[in-house]
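The values are calculated or read from the model by the stated rules, or taken from the named source; none is laboratory data. As the structure is a computational prediction, the values presented were derived from the model and not from experiment. So basically every Cβ, Gly included, is an ideal-geometry build from the backbone, and we count neighbours across all protein chains shown. To get the accessible areas, we keep the full protein, side chains included, count just its heavy atoms, and leave off ligands, DNA and RNA. Shrake-Rupley method; radii C 1.70, N 1.55, O 1.52, S 1.80 Å.
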Amino acid sequence: MIKSLRPKDTGKALSDEPAQGEQFICVNCRDAHFVHPLREDGKPDYTRVVSCECVREQIERERKQSLLRYCELPTGTAHLTLENFKVSPELQEAYDLAAQLAEGSGEVTWITLVAGADRGKTHLAIGICRRWLQRGTPARFAYVPLLLEELRRGFREEGDRSYEARFDRFLNVPLLALDDLGAEYRTPWVQEKLDTIIDYRLINGLPLVVTTNTPLDELPFRIASRLRRNPSSRVVVIDAPEFRKTKR
Ligand SMILES: [Zn+2]
């Protein structure tokens, strides 16, 4: 908690002096929504202002809402969290890794979940993203075929919506989840974009979650080898009814 100084204690109000007897919703900042922090010696630092506590909560709430919009989780998935994930024995390893990455703790920063449809891998990817958002860290969830469509749309737009801006976000967002890798229509352009995103995130040590229905051996070689060889990467193959798993 930042110690703050009431304007009335200093005789210097941050906003216009109120009429006598005027009521403030927040007496701390007199509804100015900001205050001067105290220096080490206990005196106000007039060179700085910080948000008053009365608005800090609201700012935090708005920031989280904006992070949630930016993440672009699929609609209708608000109920998909790690807390309500049903952990069956064959999904235990995948869940444990997801829980680690969700906390941003542990040495594993890349997780690849290989499984057929409806095995819970997308649920885990969404759950990891949600936990990052709750902590206030940006995350981006992308269904791979749509990601590439989104990039293409950027050719017709400018500024924040341009191709360069969109591509840069996929490169640099603190957590990227690529859902259903391998479902995209493979062209040299598409492969180059995916290669670049994955390479860049590898070189810069940026976290990545991949889900795929495609066995790694059938993914483009360059991508598969990065998913396998990154020392911070784990590949979990969930194969029903037979369960087998590989590490790296
Ligand atoms: Zn206030």
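I want to confirm something. Restricting to the range 45-82 and keeping residues that are farther than 19 Å from Ala177 by Cβ and β-branched (Val, Ile, Thr), which single residue is modelled with the lowest pLDDT?
The extreme case among them is Ile59.
Are there any helices (runs of 4 or more DSSP H) wholly within the range 71-183 with 1 or more residues that are polar (S, T, N, Q), and if so which?
Helices (runs of 4 or more DSSP H) meeting the threshold: 92-103, 121-134, 163-172.
Between residues in the range 97-110 that are open to solvent by 40 Å² or more (accessible area, probe 1.4 Å) and residues that are at pLDDT below 95 and of a type in the set (Lys, Arg), which pairs lie under 9 Å by C-beta distance while being six or more apart or on different chains?
So the pair list comes out as Glu103/Arg135; Gly104/Arg135.
Select, from Ala94, Ala32, the only residue that is surrounded by 14 or more Cβ atoms within 10 Å (Cβ to Cβ) and within 16 Å of the ligand (Cβ to nearest atom).
It is Ala32.
Taking the range 184-221 as the region of interest, how many residues are in a helix (DSSP H, G or I) and either farther than 25 Å from Glu107 by Cβ or in contact with a Leu (Cβ under 9 Å, 6 or more places away or on another chain) (or both)?
17
Applying the selection to the range 170-190, what residues are open to solvent by 30 Å² or more (accessible area, probe 1.4 Å) and touching a Pro at 6+ places or on another chain (Cβ under 6 Å)?
Passing the criteria: Pro174, Ala183.
Looking for whichever is within 16 Å of the ligand (Cβ to nearest atom) and surrounded by fewer than 15 Cβ atoms within 10 Å (Cβ to Cβ) here; the options are Gln65, Gln58. Which one fits?
From the options Gln65, Gln58, the qualifying one is Gln58.
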